[in-house]
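Derivation of every value follows stated rules applied to the coordinates shown; laboratory data play no part. Small disclaimer: the values here were computed from a predicted structure and weren't measured. Heads up, the Cβs are rebuilt from the backbone with ideal geometry, glycines too, and the neighbour counts pull from every protein chain shown.
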Ligand SMILES: Nc1ncnc2c1ncn2[C@@H]1O[C@H](COP(=O)(O)OP(=O)(O)O)[C@@H](O)[C@H]1O
Ligand SMILES: [Mg+2]
């Protein structure tokens, strides 16, 4: 049985449909991220789960408990749902020490003083805060304060943890450290987690599954690898990945297998896609290839696309190179180890090979097939 089940949930604010007929099932112990651009309904979904917001229609179940049902008039208040919440703007009690802040939520639970002390100390230990228990929030860094907020939530041992962009107020380095912290914490306490973020890297690194949302609707819910490599539609393909993937409009000239396409920008090079599945003859498609899945050569190769270097952006370990297809001029971006890209100078001709990617229906925006992946990857 899923530990969280949302059925046909809709939430409106006046004319705005913030969440539309949402169905979502989350298994015990999962770390599920709600990912999408600002305004896509992530926070609203989380607030409905927590009980801070009441959906217009639908049902929410936690295990075998129904905590919300519009049809049966069930509305369990936030305090009765067995959840822990952490928001972007966390508020610690400024006049209480770290220890007192964390112990606060345990006071009404009828535990003895020594039970409280044991639980607070062990939680502070898990979060590396043992040495700071006597300090006041003003004596802590932003990252330490956010860890206290985490400690305060997990000390009550909720079955379900809900996070709304808890790291977005912190600087990049601290965010990375706390990501590792969160992942370790999840591995250690194993509580089912729903995590809201607009940051795709955060979602990819933390989650067991990602639900990508747009306009209040889940576009795809899969493992990070599946969402990244096999996006179900063009929206997901564009949203995931940095820099944004390449999208090359094309027409299928031979169904195959292997299928052959002619690029809209450069129809003179017939491109054979290494795919075991045929494509519909004459179909208008979009070839989607990630920057790291483009190979290149500084000499002409058959089946490779001629291009010139537009700009190179070395970042230390890897390099992002922008090129323009010749003829046509469509921009392409590739990413690889910096030493491999070192031979690419400004305005230099080079040839691009598409190693693996996805084919989308140009009109519907839906995934038709993938090419170049080993069959094990495609099956997974
Ligand atoms: N309290 C509210 N009153 C009116 N509109 C709201 C309210 N909360 C959210 N919305 C609207 O609902 C949509 C989804 O918002 P939200 O869930 O906050 O998105 P996200 O967290 O993904 O950025 C947006 O269009 C937003 O403007
Ligand atoms: Mg939000």
> Which distance in nm do the two modelled labels at residue 38 and residue 139 give, with both placed 7 Å along the Cα-to-Cβ direction?
Replying inline: 3.8 nm
> How far, in degrees from 0 to 90, does helix 142-154 lean away from the longest principal axis of the Cα atoms of the chain, to the nearest 10?
Replying inline: 60 degrees
>> Taking the 0 to 90 degree range and rounding to the nearest ten, how far is the long axis of helix 172-189 tilted relative to the main principal axis of the chain, both from C-alpha atoms?
In response: 60 degrees
> Can you give the FRET efficiency for residue 177 and residue 282, using 1/(1 + (r/R0)^6), R0 = 41 Å, r = Cβ-Cβ distance, to the nearest 0.05?
Replying inline: 0.20
> What residue among 317, 27, 180 shows peak mean-square fluctuation when the chain is described by a Gaussian network model with Cα springs under 10 Å?
Replying inline: 317
> Going by how many other beta carbons lie within 10 Å of each one, how would you line up 298, 19, 218, fewest first?
Replying inline: 298, 218, 19
>> Below 8 Å between Cα atoms, with a sequence gap of 6+, how large is the relative contact order for region 34-178 in percent?
In response: 28 percent
> Assuming a viscosity of 1.306 mPa s and a temperature of 10 °C, what translational diffusion coefficient in µm² per second does Stokes-Einstein assign to the chain, Rh being the Kirkwood radius over Cα pairs?
Replying inline: 68 µm²/s
>> Just to confirm my numbers, what's the Cα centroid distance between region 338-375 and region 255-269 in Å?
In response: 14 Å
> To the nearest 0.05, how large is the calculated FRET efficiency for residue 292 and residue 7 if R₀ is 56 Å and r is the Cβ-Cβ distance?
Replying inline: 0.90
>> Run lengths n ≥ 4 of DSSP H only: what is the helix-derived mean residue ellipticity at 222 nm for the chain, with -39500 (n - 2.57) per run over all residues, to the nearest 500?
In response: -6500 deg cm²/dmol
>> Using Cβ counts within 10 Å as a stand-in for footprinting exposure, how do 93, 351 rank, fewest first?
In response: 93, 351
>> Under 8 Å for C-alpha pairs, at least 6 residues apart: give me the relative contact order for the chain, rounded to a whole percent.
In response: 14 percent
> Using Cα atoms only, what is the angle between the long axis of helix 113-126 and the major principal axis of the chain, expressed in degrees (0 to 90) to the nearest 10?
Replying inline: 20 degrees
>> With 10 angstrom as the radius, rank 165, 139 by how many other C-beta atoms surround their C-beta, starting from the fewest.
In response: 139, 165
> Taking the Cα centre of each part, how many Å lie between region 283-305 and region 184-254?
Replying inline: 23 Å
> Within region 4-232, what percent of beta bridges assigned by DSSP are antiparallel, to the nearest 5?
Replying inline: 55 percent
> Mind checking Rg over Rh on region 239-379, alpha carbons, Kirkwood formula for Rh?
Replying inline: 0.96
>> Beyond 19 Å, how much of the Cα-Cα pair distribution for region 106-264 remains, as a whole percent?
In response: 65 percent
>> Just to be sure I understand: with springs between alpha-carbon atoms less than 10 Å apart, which residue in 80, 316, 365 has the highest mean-square fluctuation in the Gaussian network model of the chain?
In response: 316
>> Taking 0.36 nm per residue of sequence separation and subtracting the Cα-Cα distance, how much length would be gained by fully extending the chain between residue 66 and residue 169, in nm to one decimal?
In response: 33.7 nm
> Picking from 155, 32, 194, which is most flexible by a Gaussian network model of the chain using Cα springs under 10 Å?
Replying inline: 155
> What number, in percent, do you get for the relative contact order of region 148-205 if the mean sequence gap of Cα pairs under 8 Å and at least 6 apart is divided by its residue count?
Replying inline: 48 percent
>> Let's test the formula: R0 of 35 Å, r as the Cβ-Cβ distance of residue 52 and residue 363. What FRET efficiency results, to the nearest 0.05?
In response: 0.30
>> What does DSSP give for region 97-238 in terms of the percent of beta bridges that are antiparallel, rounded to the nearest 5?
In response: 50 percent
